[in-house]
């Protein structure tokens, strides 16, 4: 990956709706070589897809909850059941297996605390958990989908 590819990625991370012509102009390429580079980045798996980023508050999703989970079970059967349960809950937008004191971290977006309580109940109906702790975000200070490109 060269400097031109990085420029293309920076542009597309900021605005994936740019036309190939607009991207090509901004990186000083003609349209066809620019298109080929983007196609190559897609083939390599660097570009996974293009999405529309939605404004949570416009969708009545005003509450973000970070949920830490500890479990006494660490077998594959439990993990599969847990992963399936989490995948079935649309309000869970991020799901991580962690190191340290916490086993899993979920990011949940909902309209309010009552909606989160319903999500919590759906989760514990499906799998046994040792400890669930929920932290409600008071204010979003930084949220980006743009990845740093300095490490490539």
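Suppose the filter is touching a strand residue (DSSP E or B) at 6+ places or on another chain (Cβ under 9 Å), outside the structural domain of residue 16 (by TED's automatic domain parsing), surrounded by 14 or more Cβ atoms within 10 Å (Cβ to Cβ) and at pLDDT 95 or above; does residue 93 pass it? Answer is no for this residue. For the range 38-56, a tally of residues being closer than 23 Å to residue 109 by Cα and in contact (Cβ under 8 Å) with a residue 40 or more places away in the chain returns 2.
I'd like to know if the range 89-98 contains one or more residues that are within 29 Å of residue 17 (Cβ to Cβ) and touching a residue at least 60 places away in the same chain (Cβ under 8 Å). Within the range 89-98, not a single residue is within 29 Å of residue 17 (Cβ to Cβ) and touching a residue at least 60 places away in the same chain (Cβ under 8 Å). Check whether at least one residue in the range 57-80 is without any contact (Cβ under 8 Å) to a residue 24 or more places away in the chain, surrounded by fewer than 13 Cβ atoms within 10 Å (Cβ to Cβ) and in contact with a helix residue (DSSP H, G or I) (Cβ under 8 Å, 6 or more places away or on another chain), and report yes or no. No, the range 57-80 contains no residue that is without any contact (Cβ under 8 Å) to a residue 24 or more places away in the chain, surrounded by fewer than 13 Cβ atoms within 10 Å (Cβ to Cβ) and in contact with a helix residue (DSSP H, G or I) (Cβ under 8 Å, 6 or more places away or on another chain). Mind listing just one residue for me: the one in the range 85-121 that is in contact with a helix residue (DSSP H, G or I) (Cβ under 8 Å, 6 or more places away or on another chain) and in a helix (DSSP H, G or I) and, of those, nearest to residue 59 (Cα to Cα)? That would be 86.
Can you tell me how many residues in the range 124-133 are in contact with a strand residue (DSSP E or B) (Cβ under 8 Å, 6 or more places away or on another chain) and either closer than 11 Å to residue 89 by Cβ or assigned to a helix (DSSP H, G or I) (or both)?
Taking the range 124-133 and keeping what is in contact with a strand residue (DSSP E or B) (Cβ under 8 Å, 6 or more places away or on another chain), we get 124, 129-133.
Keeping just the survivors that are either closer than 11 Å to residue 89 by Cβ or assigned to a helix (DSSP H, G or I) (or both) gives 124.
Within the range 124-133, residues that are in contact with a strand residue (DSSP E or B) (Cβ under 8 Å, 6 or more places away or on another chain) and either closer than 11 Å to residue 89 by Cβ or assigned to a helix (DSSP H, G or I) (or both) number 1.
Would you confirm, using the coordinates I've provided, whether residue 141 is assigned to a loop (DSSP other than H, G, I, E, B), touching a residue at least 60 places away in the same chain (Cβ under 8 Å) and either within 30 Å of residue 11 (Cβ to Cβ) or in contact with a helix residue (DSSP H, G or I) (Cβ under 9 Å, 6 or more places away or on another chain) (or both)? Reasoning before the result, please.
Working: assigned to a loop (DSSP other than H, G, I, E, B): yes; touching a residue at least 60 places away in the same chain (Cβ under 8 Å): no; either within 30 Å of residue 11 (Cβ to Cβ) or in contact with a helix residue (DSSP H, G or I) (Cβ under 9 Å, 6 or more places away or on another chain) (or both): yes.
In short, no.
The values are calculated or read from the model by the stated rules, or taken from the named source; none is laboratory data. This is a predicted model, so every value here is computed, not measured. Cβ atoms come from the backbone with ideal geometry, glycine included; neighbour counts cover every protein chain shown.
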